[in-house]
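Below are the C-alpha cells for one structure; questions will follow.
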2 protein chains.
Amino acid sequence: METVQELMRGSRRALARLITLVENNDPRKEEIMERLFPHTGKAYLIGITGSPGAGKSSLVDRLLAEARQNGSTVGVIAVDPTSPFTGGAILGDRIRMQEHALDSGIFIRSMGTRGSLGGLSRAAREAVQVMDAFGKDLIIIETVGVGQSEIDIVGTADSTVVVLTPAGGDSVQTIKAGIMEIGDIFVVNKADLGGSERTVAEVSMMLDLKEEPGWRPPVLPVVALRGEGVAALWQALMEHRRYLQSGGLFESRRRERAGRELGELVEFLVKSRVWESIRTQISLDELIEAIALRRQDPYSAARELLRRINFPF
Amino acid sequence: METVQELMRGSRRALARLITLVENNDPRKEEIMERLFPHTGKAYLIGITGSPGAGKSSLVDRLLAEARQNGSTVGVIAVDPTSPFTGGAILGDRIRMQEHALDSGIFIRSMGTRGSLGGLSRAAREAVQVMDAFGKDLIIIETVGVGQSEIDIVGTADSTVVVLTPAGGDSVQTIKAGIMEIGDIFVVNKADLGGSERTVAEVSMMLDLKEEPGWRPPVLPVVALRGEGVAALWQALMEHRRYLQSGGLFESRRRERAGRELGELVEFLVKSRVWESIRTQISLDELIEAIALRRQDPYSAARELLRRINFPF
C-alpha cells in the first residue's frame, strides 16, 4: 500500500489517512496493520484518565510542551465516548490541532463513539499502533475515566496517570469506578482550589492501605492551567518508565498486552465468521419469536443454532 | 432441581440461593435457567440509573413503598460496580434489607463486580429472570450510570428512569455518557436545592431537540428523601407501560431483547468452546512471545491459531 510507504517516509497526511482507514474498519485494515506491525513497539505509551471536568485536556497540553522541551515527539489520542448526538470530539480536535499546528513533532487525534465502546477501544489501540509505526517517541492516550471500557483503553498504557480534583467527593467516586487500581501516578489537578491537600492526603492513605510491594504511585498536586507541577509530573513519568524497564516489568507488561491482543483478535475472528455462517444459512426471526413467546429457552436455542451450522467444538 | 421447585412454591430462601448460584456461575446454572424460563416474561422491568450521589437508593426505596401501596410485589437488583477493594455492595444490601425485612412482598439483592462488567451485566439479567419466575410483579434494576455496561444493563428494562440532580453540570455530563438516549422518564432529584427548575428546563429542551415521534419523556422534579413527586413518578411509569403495551412496542422491545440474548449466548458458547479447544491443543506462550518481540503480527497469529484447531469457518 502506497499510504503505508508514505507513512514510513514521515508523511503526516498519510498518518491521518491511515488512522481514518483503521477507525472506519476499512477492508484494507488488516493488511495495513500487518505491514505496520514490525515497525511498532518503540513508542512509550502514557494513559491519562479522570472524570469529566478534571482538566485532562489542559494537563495534556502542558505535558505536550514539557515533552517537546525534552526532545520527544508526541502523538495524542483523545478518546471521547461522546454521544453521536453532539459530535463534540471533532470540534475539540480542530481547536486543539490549531494550537499546535506549527509543531510537526505533535500529532493530535480525537475519537468519538463508533457504534460500541468495544469498537472504540479497538480503534484507539490501532491508532496507537499507527502512530507508533510513524515513529512518535511518546503516545498519550487521554480518556474520560467513567466506565470499564475507558479503563481498559488506558490500561494498555505503559504508565497510567489518574487525574483527580479537590472538588467534593471526587476521590471517593474514583475508587468506585475501579480506577484506583490502574493508576501509576495520581495528579490532584486544580490544586489552587481549597481542599487539595486533603485530597492528596486521602489518596495517599488509600494507596498505603494496599500495601503492595514495588512501585508506590506518587500523588502530585498540579495546576494545569498555569503549568504548575507539570515538570514534576514529567519527572515522575520518566521515573516510572525507568522503574518498569529496570525491573523487567516493561517486558512482562508488553507480553501481557500481546496476549490480550491475540485473545481479542481470535474472539473477533471467531465471532464474525460464526455469525456470517449463521446469517447465510439460517433465518433467526422464527427462533427469536419463539424465545420472545417463551416457547423455547435461549440456551437451547443457542445450542440448536450451533448444531445447525455444524459448529464442531 | 429441588431448589427450583421450592422457588415455584414461593420460598424466599430458594430465591436467594438460586440468585447466588447464578451469580457464581454454578455448573447447574444453565439447567436452572432453562427450567425457569417458561415461567418468566410476566414481570415489568424498571431500570433506574444516574450518577453516584444522585439519590437513586432513596428514590428506589420510596418507589418500593408506592408500588406496595398499589398492590404490586417488587424485586430490586442494585448493581454496583464497586471495586472488590471496598466490598460496599454487600454492606449496603444488608442495611437496605433490614428496612424491608417485615414485608415479604419485597426482595432486594445487590450485586458487585464479578471479574468483568460483562459478567456483571449477565448476572444481573439472569437474576431478573429468577425474580421473574418467582412471580414478582415489578423488578427494579438500579445501576450507577457511569459507563456503557451499566447503560446496557438498564437498557434491557421496559421503562428506564434517568435520575439527575440540579448540582452543577450534571445534566451536561449525562449527555456525554449517552444516557439521554435511554431515558423514558427523567427525574430531577433533590428538587429542593437551588437550580432544579433550570435543570428541568435544560433537559426538556434537549429532549425537544431530538424531535422524535412517539413518547416524549416527562421530566419530573422529585425530593426522594421526603417522598415528594414519587407518586407522580409512579403515574408516569404506569403511563409509559400503557403506552408501550397499546402501541405494540412492548412486544417489539421484548423481541429485540430476545434477539440480543440469543446473540450473546451464541457468542458466549462459541468463545468458551473455541478457547477450550485451543487450550487443550496449543501452548500460547511461544506465540505471545513472538508477538511481544514483533516477530509475528497478532493478525496472522490469530489466523494461525484457528487453522491449527481446524476452525471450519
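The values are calculated or read from the model by the stated rules, or taken from the named source; none is laboratory data. None of the values given here were measured: they were computed from a predicted structure. Methodologically, a virtual Cβ is constructed for each residue, glycine included, from the backbone with ideal geometry; neighbour enumeration extends over all protein chains shown.
Taking the residues in the range A:220-229 that are touching a strand residue (DSSP E or B) at 6+ places or on another chain (Cβ under 9 Å) and not small (G, A, S) as candidates, determine which candidate is nearest to A:T160 (Cα to Cα).
A:L220
Quick one: A:G178 ticks every box in (1) at pLDDT below 80; (2) outside any loop (DSSP other than H, G, I, E, B) except a single one, so which number is it?
Answer for A:G178: the failing condition is (2).
Within the range B:285-297, take every residue that is facing chain A (nearest Cβ under 7 Å) and not in a helix (DSSP H, G or I) and give me the one that is farthest from A:E34 (Cα to Cα).
If we take residues in the range B:285-297 being facing chain A (nearest Cβ under 7 Å) and not in a helix (DSSP H, G or I), then B:R294 is farthest from A:E34 (Cα to Cα).
Looking at the range B:108-116, can you tell me whether even one residue there is modelled with pLDDT of 90 or more and over 10 Å from B:G75 (Cβ atoms)?
No, there is no match, as no residue in the range B:108-116 is modelled with pLDDT of 90 or more and over 10 Å from B:G75 (Cβ atoms).
Out of the residues in the range A:265-284 that are assigned to a helix (DSSP H, G or I), of a type outside the set (G, A, S) and closer than 22 Å to B:E256 by Cβ, which is modelled with the lowest pLDDT?
The selected residue is A:R279.
Consider B:I77 carefully, then state whether it is modelled with pLDDT of 95 or more, over 30 Å from A:E304 (Cα atoms) and part of a strand (DSSP E or B).
Judged against the criteria, B:I77 is not a match.
If B:I291 satisfies all but one of (1) modelled with pLDDT of 90 or more; (2) surrounded by fewer than 16 Cβ atoms within 10 Å (Cβ to Cβ), what's the number of the condition it fails?
(2)
Also, quick follow-up: Taking the range B:30-70 as the search range and keeping residues that are surrounded by 17 or more Cβ atoms within 10 Å (Cβ to Cβ) and of a type in the set (K, R), which one is nearest to the chain's Cα centre (by Cα)?
Among them, the one singled out is B:K56.
List every residue pair whose Cβ atoms lie under 8 Å apart, where the two residues are 6 or more positions apart in sequence or sit on different chains, the first residue falls within the range A:136-164 and is away from chain B (no Cβ under 14 Å), and the second residue, located anywhere, is modelled with pLDDT under 70 and assigned to a helix (DSSP H, G or I).
A:L164/A:D170; A:L164/A:S171; A:L164/A:T174
Tell me which of these B:S300 doesn't satisfy, since it passes every other one: (1) without any contact (Cβ under 8 Å) to a residue 60 or more places away in the chain; (2) more than 10 Å from every other protein chain (Cβ to nearest Cβ); (3) surrounded by fewer than 19 Cβ atoms within 10 Å (Cβ to Cβ).
(2)
Okay, residues lined up against (1) more than 23 Å from A:L63 (Cα to Cα); (2) modelled with pLDDT under 85; (3) not aromatic (F, W, Y):
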site	(1), (2), (3)
A:P166	no, no, yes
A:Q173	yes, yes, yes
A:F186	no, no, no
A:R198	yes, no, yes
A:E211	yes, yes, yes
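If you check every pair at least six apart or on different chains, which have Cβ atoms under 8 Å apart with a residue in the range B:173-186 that is not assigned by TED's automatic domain parsing to the domain that holds B:G155 first and a residue that is at pLDDT 50 or above and not hydrophobic (A, V, I, L, M, F, W, C) second?
That search, which allows pairs on different chains as well, returns nothing.
May I pose another question? Specify which of the listed residues (B:R273, B:R242, B:R254) is basic (K, R) and in the same structural domain as B:I182 (by TED's automatic domain parsing).
B:R242
Then there's this: Only one of B:S58, B:S51 is modelled with pLDDT under 95 and within 14 Å of chain A (Cβ to nearest Cβ). Can you tell me which?
From the options B:S58, B:S51, the qualifying one is B:S51.
Out of A:R279, A:R307, A:R241, A:R226, report the one residue that is within 21 Å of the chain's Cα centre (by Cα) and either touching a residue at least 24 places away in the same chain (Cβ under 8 Å) or more than 10 Å from chain B (Cβ to nearest Cβ) (or both).
A:R241
Considering only residues that are under 19 Å from B:R307 (Cα atoms) and either surrounded by fewer than 18 Cβ atoms within 10 Å (Cβ to Cβ) or more than 7 Å from every other protein chain (Cβ to nearest Cβ) (or both), which ones fall in the range B:259-276?
Result: B:K271, B:S272, B:R273, B:W275, B:E276.
Considering every residue within the range A:84-96, establish whether at least one is within 24 Å of A:A231 (Cβ to Cβ), at pLDDT below 90, among the small types (G, A, S) and crowded, with 17+ Cβ neighbours inside 10 Å.
No - not one qualifying residue is present in the range A:84-96.
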